1. What do you get for the angle between helix A:268-287 and the principal long axis of chain A? Use alpha-carbon atoms, 0 to 90 degrees, nearest ten.
2. Can you give me the C-alpha center-to-center distance between the range A:240-277 and the range A:303-345, rounded to a whole angstrom?
3. Dividing the alpha-carbon radius of gyration of the protein assembly as shown by 2.2 N^0.38 Å (N being the number of residues), what value is obtained?
4. How far is the Cα center of the range A:177-203 from the Cα center of the range A:114-158, in Å?
5. With the contact rule set at Cα under 8 Å and sequence spacing of 6 or more, what percent relative contact order holds for chain A?
6. What 222 nm value per residue comes from the helices of chain A, counting each DSSP H run with n ≥ 4 as -39,500 (n - 2.57) and dividing by all residues, nearest 500 deg cm²/dmol?
7. Could you state the orientation-averaged shadow area of the convex hull built on the Cα atoms of the range A:262-454, in nm² to one decimal?
8. How large are Rg and Dmax for the range A:194-272 when only the alpha carbon atoms are used, in Å?
Amino acid sequence: MTILAVMVLVSILNLHNVIHHGEVRYVFSGWAVPLGIEWVADGLASVILVLLSALGLLGVVFTGPTSPKALGGRIVHFYTLILLLVSALTGIVFAGDLFNLFVFLEVGALSSYALVGVAGGRALFAAFRYLILGTLGASLYLLGVSYLYALTGTLNMADLADRLPLLLHSKAVVGGLLFMFIGLGIKMALVPFHAWMPEAYTYAPESTAPILASLITKVVLLAWVRIIYWVFNASTIIFDIPILLLVAVLGVLAAVIGASLALAQRDIKMMFAYGGISHIGIILIGIGQGNQTGFVGGIFYLMNDAVMQAGLFFIAGVAICQYGVRTIDDLGRVGRQAPWLTGSLVVVSLGMIGLPPTGGFFGKWYIILGALEAGNYVSVAAVVLSTLLTLAYFVKLFEGIFRQSSTQSDFQFGEIPLSFKLTLGVTTAAVLILGIFSAPIVQLLLNQALPPGL
Amino acid sequence: MFDAIFAVLQRPNFLTFVIIFLWGFYIMVTRYNLVKKLIGMYLVQTSVIFFLVSISAKEGATVPILLSITEPVQAANYANPLPHVLTLTAIVVGVATLGVGLALCGAIYRKYGSLDEQKILEKLE
């Protein structure tokens, strides 16, 4: 916990440094780029790092009273795995070359398989499926990287960006790009490849689900953005198909299908996980518009979505550990007697739906503005449709909580622990703060985090 | 048609890579036994590693160790070491993944008494 607290401070200092002095490039053991390995801390990476370390710290605070009882003395290994996961994600955010990205991807994935499997029972099987699919994704990504390496002879992102424009007519570049996209798509639960994600996050232990759900898919999405905008140029057209169009179409599919599937769930964690899939789609819609407003909206929505997913899985964790409820109906019976739970659920779900005082609204607002600017009305329709579906499944949840006032149940619950209050309170406040201070944050992203050539 | 076949036969390493990759993928998709799925997964990883090694092969080249510091370096005489280094890292990652997968298999077997996916799914219902 101390380590992560220090990490939060360091990441904020780093952000401050990057804002005032420009990006920092760290070259490992003095070998000059492109021969050596490089870490790049530019504006985007620094912003995401602050988010990542803060959510990691909150996740560890939450772990205390909820960690699996069967672990006993092996709890130390459990915390080690969490730290390994957070450091691997940091590596993905900073990595300056494609192969290091792969290594960090796999380190993070290995620790998350273990963290899912710790719960035992059904989680073992979910973790096994996650492992098979995740490794297939990683292999495809590595295959794509080796295609690009065979063509250009370099792995460094900046160096690749220099050499690729001359090679875009080559079929091998297209093959490598597609393999990389499919591989990362499996890792971030993009819609045709999302099969592992809801099960893994539903059966994962309550204590680790918030960290896994809020961070892994978002950070892999960030790696995807880096490859699209930093390695390939955003305006790349391959065989008459702009790659950004591809991204926007995938986003539209994910946004609508994910939200429709969420509507059909009874288990709260399952519902939140499908909600996360649809929000990945919304972020991709923003990123695929190819203009500044859409890109910044997408990144801002990514930050919001990480906070909201963490909040939702904290809520689900508190509901399961403290009140022993798993389904929407049971949550309705408990609702009235759990003020902290219901209060934060209301605020976070306002954010998920996207109503004005929260950050979710402003993210969607900039994404829609970007889509209008690009004249892409299908994307606007998809964002609106996905918002309506999100509204529908949260209405289902609240109907249970606020209507069944007559059937006062005979549950009696004790006071909830301080760490629960702390995590619920902080994420709820963060959803509101991201909304209220959205203007300066978006301005910061516009100034610091834009890719070259946009 | 024949041109395409001859073009493929010119590159036997690519053909081998594709066969191993699809073979592993086929095993992963069709077999119900969890350990067999892991074997398929490992074949997929191995095929990618094979591809990486094969693209760095060079005829008449030797290991990249500099014998004399006075003569100018002839890059054509040395094999490119970088793909091999990448391969080593990828092998380590693959072994670690396989280890975690086998540990999960062991835990599943102790819990459900079977490694057959269909039997486990029946017990889960």
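1. The helix A:268-287 is inclined about 30 degrees to chain A.
2. Using only Cα atoms, the two centres lie 22 Å from each other.
3. Details: Rg = 24.3 Å, N = 579, 2.2 N^0.38 = 24.7 Å.
Normalised by 2.2 N^0.38 Å, the Cα Rg of the protein assembly as shown equals 0.98.
4. 10 Å
5. Relative contact order, chain A: 15 percent.
6. Rounded to the nearest 500, it is -24000 deg cm²/dmol.
7. 10.9 nm²
8. Reported Rg and Dmax, both Å: 15.8, 47.
A short reminder: the numbers here are calculations on the coordinates, not readings from a lab. Computed from a predicted structure; not experimentally measured. Ideal geometry is used to build each Cβ from the backbone, glycine not excepted, and the neighbour counts take in all protein chains shown.
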